[in-house]
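Quick note: the coordinates plus some simple rules give every number you see, no bench work behind them. None of the values given here were measured: they were computed from a predicted structure. Quick reminder, even Gly has a Cβ in these numbers, built from the backbone with ideal geometry, and neighbours come from all protein chains shown.
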Amino acid sequence: MKLTMKNLDNQDVGEIELSDDIFGVAIRPDILARMVNWQLAKRRAGTHKAKGISDIQGTTKKPFKQKGGGRARQGSLRSPQFRGGAVIFGPVVRSHAFGLQKKVRRLALKTALSAKQAEGKLIVLETAHVDEAKTKLLGARLAKFGWQSVLIIDGPTVDENFARAARNLPKVDVLPQQGANVYDILRRDTLVLTREAVQHLEARLK
């Protein structure tokens with residue numbers, strides 16, 4: 001498929017051929033959901049912790065004798081039925097990550113790229129390069145496109161001036177091509193790829 005290529009002033013500067021194997025696959029919401037869940041699970045800190053009975057400070061003595069008091073038997077004041085006692089089956093420090101096959105992750109990225117293309121929300125820029133790292137100047141140029149929420153993916157290295165200028169623009173994210181991922185693509189309304197990003201993504205996903 002062919003797509004019109006633009007520059008940062010929203011002017012047409014030619015066409016680019018996109019691979020149907022990467023930008024034209026069938027949309028699979030189930031695959032996208034699996035991938036997003038996998039990414040979000042991996043990024044969880046997993047530092048939640050509740051105190052078990054061995055973590056509670058206090059005596060190990062029985063609170064009262066076993067028989068003759070007319071009350072239920074008790075073995076420790078650190079038990080969960082007492083105030084300040086332990087939590088039974090509470091959360092522990094652990095990793096929430098789980099496995100996901102490489103072919104599923106690869107298909108999910110292709111599906112996310114194809115979804116943006118199918119919605120007409122995929123833009124290809126000739127380059128993402130500016131001479132000055134000025135947020136105001138870059139914001140004025142991007143305003144010509146009317147983007148409200150955008151992810152811009154460049155080649156292996158992002159132009160430093162462009163990255164610094166875009167840093168304070170709300171709902172504008174900039175990533176190198178190796179950082180392209182399903183969650184960030186889906187969380188922004190518009191996906192913008194540079195010509196270099198298209199070349200590297202096609203080589204990476206073929």
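Quick look at the numbers
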read-out: Cβ-placed point charges (K, R +1; D, E -1), dipole of the chain about Cα centre in debye, nearest 20; value: 2600 debye
read-out: Most positive-pole-ward Cα, Leu3, Ser76, Val174, against dipole of the chain from beta carbon charges; value: Ser76
read-out: At 1.567 mPa s and 4 °C, Stokes D of region 66-146 from Kirkwood alpha-carbon radius, µm² per second; value: 63 µm²/s
read-out: Distance violations [Cα-Cα > 22 Å] among Lys2/Lys102; Lys121/Lys144; Lys134/Lys171; Lys6/Lys102; Lys2/Lys110; Lys42/Lys110; value: Lys2/Lys102; Lys6/Lys102
read-out: Difference of contour (0.36 nm per residue) and Cα-Cα distance, Lys62 to Lys42; value: 2.8 nm
read-out: Convex hull projection area averaged over all views, region 50-90, Cα basis, nm²; value: 3.0 nm²
read-out: The chain: most fluctuating residue of Arg73, Arg34, Arg94 per GNM, C-alpha cutoff 10 Å; value: Arg73
read-out: Alpha carbon Rg of region 1-61, scaled by the compact-globule rule 2.2 N^0.38 Å; value: 2.48
read-out: Total formal charge among the other residues, if their Cβ is under 9 angstrom from that of Leu191, Lys/Arg +1 and Asp/Glu -1; value: +2
read-out: Segment Lys206-Asp131, length gained on full extension (0.36 nm per residue, minus Cα span); value: 23.6 nm
read-out: The chain: most fluctuating residue of Lys49, Lys61, Lys144 per GNM, C-alpha cutoff 10 Å; value: Lys61
read-out: Inter-probe distance in nm under a simple model that places probes 7 Å from Cα toward Cβ, at Ile27 and Asn7; value: 3.4 nm
read-out: Highest average packing first - 116-124, 12-20, Cβ atoms within 10 Å; value: 116-124, 12-20
read-out: Cα-based convex hull, the chain, per residue volume (Å³, whole number); value: 182 Å³
